[in-house]
Amino acid sequence: MDARAFARGVAEDALMERAAGHLARSVREVGGRTYGLRVGLVCGKGNNGADGLAAARLLRRAGAHPLACVVDGADTLEGLPAVQRDRLLAAGGRLVADPRQAVAGADVVVDALLGTGASGALRSPYLEAVEALAAAGAPVVACDIPTGVDAATGAVDGPAVVATRTVTLGAEKVGLRLWPARGHCGDLVVGDLGIVEDDDDPAAVVLDDADAAAALPPPDAGAHKRSRGTVVVLAGSDDMRGAAVLAARGALAGGAGLVTVATTPAARESVATAVPEALTLALPAEPDAAHEALEAALDRADALVVGPGLGLAEPTVALVRRVVAEAGLPLVLDADGLNAFADEPAALGRHASPRLVLTPHAGELARLAGPDAYGARASQATGLAERWQATLLLKGPGTLVAEPDGRVFVTASGTAALATGGTGDVLSGLLGAALAGAPERGDVVAAAAHLHGRAGERAAEWVDGRSVTAGAVAEALGPALARLRGRDGGGPRR
């Protein structure tokens, strides 16, 4: 994008001034004033550092008191960084050699050390500079990325800046939406440089509330229960009945007009009691008989959810693998549905579903794609989605959704309150309802993930986040969806 702008005649210096303007503006906003604001800027020797030096000049012109340090030494600068150094000095600005001196007593400090090209653990003198920023005890504004995080993968391989605000330049970077990097960004804002064009193909898309609401429309006025979507949930076992309950509640709260839970005879009684709105189907223990019974339920279904709480008994694994190989409707595969393929992940690619959605957490993905797959999810997700011809929803902080056609979505919603047993079961049911209602929408899976995150946030408003349960998340889906549409949605039932 930079090169394209230069080819159009935009000067590199002009882009740097735009970047510096965004950075200086955020420093003033974080500091709460301009005149007399003491700002310590710690800069590297590349363009990221040059942005910091230019911002120091702009802040000085506005009445602030900036003090900057180039950690490699101001005399090592070349090209545009050297030009910005000279402009700052010509405007009466000051440079010091020690980052600790630059940040001492500052009201706001600026991390302008390293940009998007950096990866891996920090080395001297950048390591000491990051330590100085942390020791300053002042709000930190990061230029483009917090130093020490990987903007492509979200990895943090050692000490890294923890910013109050990150001004990411030109466009967002995928890694800044993924954890652990997201936890270092603070308030994440984009400094528009005018280099992104409408027809640019993004590396990823972050849905906002309006996007998610559009992908999850309310029922038509003339709707009936089957037109709203019929979902079959193959879930639960004698020892894990609650998973089937939670998946059913997720599907119903997600808008499905009719939900049938296929499970063991003992679990069926629990589901019928806990979720009276759902139909239930007791499956025989023998795989062929169970498949025959399930096929009858699938004849009029719009989507199928497989996996929560099923267990890994040999007959269950056989049933799951046959269902995935033969079921010709949108299918969500979660939990033990995924684990059923741990010894032969390639078999996932031989499914019959027109839209298969896989929802692994880190451990489940490791069993399917190797121990490093989750850490490299930003780079590997699209390849795995293509390999399995499936939508890959990688659960966790900064949930990532990769479609087999190469599109990637990253969720901006969610909370640590979701880190409790059963919330994934609720998500599976919600995904089933979303697919049953709008299987043709390319963003419906990402929209459901966004809503699930908002429901976790909503549930955490009702009680302390530490006390949120999966059942509360299911209950919060309706109020969260109402909020996506601009309504309050109310509180929990008493």
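The values are calculated or read from the model by the stated rules, or taken from the named source; none is laboratory data. Note that this is a predicted model, so its numbers are computed, not measured. Methodologically, a virtual Cβ is constructed for each residue, glycine included, from the backbone with ideal geometry; neighbour enumeration extends over all protein chains shown.
Quick notes
- Within the range 345-353, none of the residues are within 22 Å of residue 207 (Cα to Cα) and touching a residue at least 40 places away in the same chain (Cβ under 8 Å).
- Residue list for the range 234-264, restricted to those being among the small types (Gly, Ala, Ser) and farther than 26 Å from residue 212 by Cβ: 236, 237, 242, 244, 262
- Some residue of the range 129-151 being crowded, with 22+ Cβ neighbours inside 10 Å, within 30 Å of residue 36 (Cβ to Cβ) and acidic (Asp, Glu): yes
- Top-ranked residue of the range 27-56 - restricted to ones that are crowded, with 23+ Cβ neighbours inside 10 Å and of a type outside the set (A, V, I, L, M, F, W, C), ranked as nearest to residue 140 (Cα to Cα): 40
- One residue stands out among those in the range 340-367 that are under 22 Å from residue 174 (Cα atoms) and aliphatic (A, V, I, L, M): the one that is surrounded by the fewest Cβ atoms within 10 Å (Cβ to Cβ), which is 362.
- Search result, residues across the range 391-412 that are closer than 27 Å to residue 230 by Cα and in contact with a His (Cβ under 7 Å, 6 or more places away or on another chain): 395, 411
- Residue 85 vs. criteria on the phi < 0 side of the Ramachandran plot and either of a type in the set (Ser, Thr, Tyr) or surrounded by fewer than 23 Cβ atoms within 10 Å (Cβ to Cβ) (or both): no
- Residue check for residue 415: more than 13 Å from the chain's Cα centre (by Cα), surrounded by fewer than 24 Cβ atoms within 10 Å (Cβ to Cβ) and under 28 Å from residue 379 (Cα atoms): no
- Qualifying residue in the range 439-451 (condition: over 21 Å from residue 385 (Cα atoms), in a helix (DSSP H, G or I) and touching a Pro at 6+ places or on another chain (Cβ under 9 Å)): no
- Annotation: of all residues in the range 152-188 being without any contact (Cβ under 8 Å) to a residue 60 or more places away in the chain and of a type in the set (D, E, K, R), the one that is surrounded by the most Cβ atoms within 10 Å (Cβ to Cβ) is 173.
- Comparison of 337, 370 shows that the only residue that is modelled with pLDDT of 95 or more and either surrounded by fewer than 23 Cβ atoms within 10 Å (Cβ to Cβ) or in the same structural domain as residue 233 (by TED's automatic domain parsing) (or both) is 337.
- Checked against (1) modelled with pLDDT of 95 or more; (2) buried (at least 18 other Cβ atoms within 10 Å of the Cβ); (3) more than 21 Å from residue 477 (Cα to Cα), residue 287 passes all but condition (1).
- The set of residues in the range 205-221 that are in contact with a helix residue (DSSP H, G or I) (Cβ under 6 Å, 6 or more places away or on another chain) and assigned to a helix (DSSP H, G or I) comprises 209, 212, 213, 215.
Residue-wise test of (1) without any contact (Cβ under 8 Å) to a residue 60 or more places away in the chain; (2) closer than 30 Å to residue 480 by Cβ; (3) outside the structural domain of residue 350 (by TED's automatic domain parsing).
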position: 375; (1), (2), (3): no, yes, no
position: 382; (1), (2), (3): yes, yes, no
position: 389; (1), (2), (3): yes, no, no
position: 397; (1), (2), (3): no, yes, no
position: 410; (1), (2), (3): no, yes, no
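- Some residue of the range 298-319 being over 25 Å from the mean Cα position of the chain (by Cα), in a helix (DSSP H, G or I) and buried (at least 24 other Cβ atoms within 10 Å of the Cβ): yes
- Residues of the range 244-282 that turn out to be surrounded by fewer than 23 Cβ atoms within 10 Å (Cβ to Cβ) and over 16 Å from residue 231 (Cβ atoms), as a count: 10
- Qualifying residues in the range 102-153 (those that are among the charged types (D, E, K, R) and outside any loop (DSSP other than H, G, I, E, B)) - the one farthest from residue 69 (Cα to Cα): 131
- Qualifying residue in the range 217-229 (condition: at pLDDT 95 or above, closer than 23 Å to residue 446 by Cβ and surrounded by fewer than 24 Cβ atoms within 10 Å (Cβ to Cβ)): no
- Residues in the range 222-277 that are in a strand (DSSP E or B) and either closer than 29 Å to residue 482 by Cβ or not assigned by TED's automatic domain parsing to the domain that holds residue 312 (or both): 230, 231, 232, 233, 258, 259, 260, 261.
Every residue, every condition in (1) in contact (Cβ under 8 Å) with a residue 12 or more places away in the chain; (2) within 19 Å of the chain's Cα centre (by Cα); (3) under 16 Å from residue 355 (Cβ atoms); (4) surrounded by 20 or more Cβ atoms within 10 Å (Cβ to Cβ), yes or no:
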{"residue": "401", "(1), (2), (3), (4)": "yes, yes, yes, yes"}
{"residue": "420", "(1), (2), (3), (4)": "yes, yes, no, no"}
{"residue": "444", "(1), (2), (3), (4)": "yes, yes, yes, yes"}
{"residue": "448", "(1), (2), (3), (4)": "yes, yes, yes, yes"}
{"residue": "461", "(1), (2), (3), (4)": "no, no, no, no"}
{"residue": "485", "(1), (2), (3), (4)": "yes, no, no, no"}
{"residue": "491", "(1), (2), (3), (4)": "yes, no, no, no"}
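- Selection from the range 226-243 of residues that are of a type in the set (A, V, I, L, M, F, W, C) and more than 18 Å from residue 435 (Cα to Cα): 240, 243
- Hits in the range 326-358 (condition: of a type in the set (Lys, Arg) and part of a loop (DSSP other than H, G, I, E, B)): 355
- Of all residues assigned to the range 266-285, at least one qualifies as being touching a Pro at 6+ places or on another chain (Cβ under 7 Å) and touching a residue at least 24 places away in the same chain (Cβ under 8 Å).
- Scanning the range 17-56 for residues that are aliphatic (A, V, I, L, M), over 29 Å from the mean Cα position of the chain (by Cα) and not in a loop (DSSP other than H, G, I, E, B) turns up 39, 41, 42, 50, 53, 54, 55, 56.
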